[in-house]
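Visitor: Before we start, here is the structure in question, set down as structure tokens.
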Amino acid sequence: MTAENRVLLSRAQKWTLVVSCLSVALVVASMAALYTALPNIAVATGATQTQLTWVVDGYTLVLACLVLPAGALGDRYGRRAVLIVGLALFSLASAVPLLVSTPWWLIAARAAAGVGAAFMMPSTLSILTAGFPEQQRGRAVGIWAGVAGSGGLLGILGSGLLLAYWSWQSIFVGLT
């Protein structure tokens, strides 16, 4: 790449890219981290296989169902505001398993975290596409996509490391 073609990011653009990437990595890592902890959760809570399935799928289902409407809310009320609401809801829902740990509370908390994730995910991408000029947009979206894909790996490795030393609830501390 020649010096003329290289485009430097401003401080605000770097900050926007970092926040967007960390937010989307958190959404994806949260899905992956739970898979690693399922055996520990089953033993500690006495959850049935059906309940464990809903602990995982409650998050994913709610996220998938609400990602488009949440994106529309971001367009209407402001992407940044929707991202902040999503982060707050996600954090609060991720803290619930630290206080109560029955299977039904876990299912409800994961579904609520899915609502927060649905608010976060489209906001991060639309903030990038709106906040970067055309010549920088492709690179920013490429970095975002790479970090999103890496989030699953980070979630699995991170939760495995946490579970080696602490209880299953430690993965939720990492998410809050």
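The values are calculated or read from the model by the stated rules, or taken from the named source; none is laboratory data. Note that the structure is a prediction, hence the values are computed from the model and not measured. Reconstructed Cβ throughout: ideal geometry from the backbone, glycine too, with neighbour counts over all protein chains shown. Ligands, DNA and RNA are stripped out before the accessible areas are found, and what is left, the full protein with its side chains, is counted by its heavy atoms. Shrake-Rupley method; radii C 1.70, N 1.55, O 1.52, S 1.80 Å.
Visitor: Could you tell me the center-to-center distance, by alpha carbons, between the stretch 130-148 and the stretch 84-119 in angstrom?
Guide: Each part reduced to its Cα centre gives a spacing of 29 Å.
Visitor: Does the stretch 77-169 come out rounded, prolate or oblate by the C-alpha gyration tensor, with a ≥ b ≥ c the root eigenvalues, rounded set by a/c under 1.5 and, if not, prolate when a/b is larger than b/c and oblate if not?
Guide: In terms of gyration-tensor shape, oblate.
Visitor: A follow-up question, please. Cut-off 10 angstrom, C-alpha nodes, Gaussian network model of the chain. Which of ILE41, ILE156, ILE143 fluctuates the most?
Guide: Comparing ILE41, ILE156, ILE143 in a Gaussian network model of the chain, the most mobile one is ILE143.
Visitor: Let me ask something else. For the chain, modelled as a GNM with alpha-carbon contacts under 10 angstrom, which of PHE132, PHE90, PHE119 fluctuates the most?
Guide: Taking springs between Cα atoms under 10 Å, the residue moving most is PHE132.
Visitor: I would also like to ask the following. If each of ALA44 and ALA72 carries a label point 7 Å out from its Cα toward its Cβ, how far apart are those two points in nm?
Guide: If labels sit at ALA44 and ALA72, their model points lie 3.9 nm apart.
Visitor: Using a 1.4 Å probe, what is the accessible area per residue for the stretch 67-176, in Å²?
Guide: Numbers: 5590 Å² over 110 residues.
Normalised by residue count, the accessible surface of the stretch 67-176 is 51 Å².
Visitor: So for each of 67-76, 20-29 I average, over its residues, the number of other beta carbons within 10 Å; can you give me the resulting order with the highest mean first?
Guide: 20-29, 67-76
Visitor: Another question about this same structure. FRET efficiency for VAL19 and LEU98, Cβ-Cβ distance as r, R0 = 25 Å, nearest 0.05?
Guide: Efficiency for this residue pair is about 0.50.
Visitor: Same structure, new question: Quick one, which of (1) 10.1; (2) 10.9; (3) 13.0 is the actual mean projected area of the Cα convex hull in nm² calculated for this model?
Guide: Given (1) 10.1; (2) 10.9; (3) 13.0, the structure-derived one carries the label (2).
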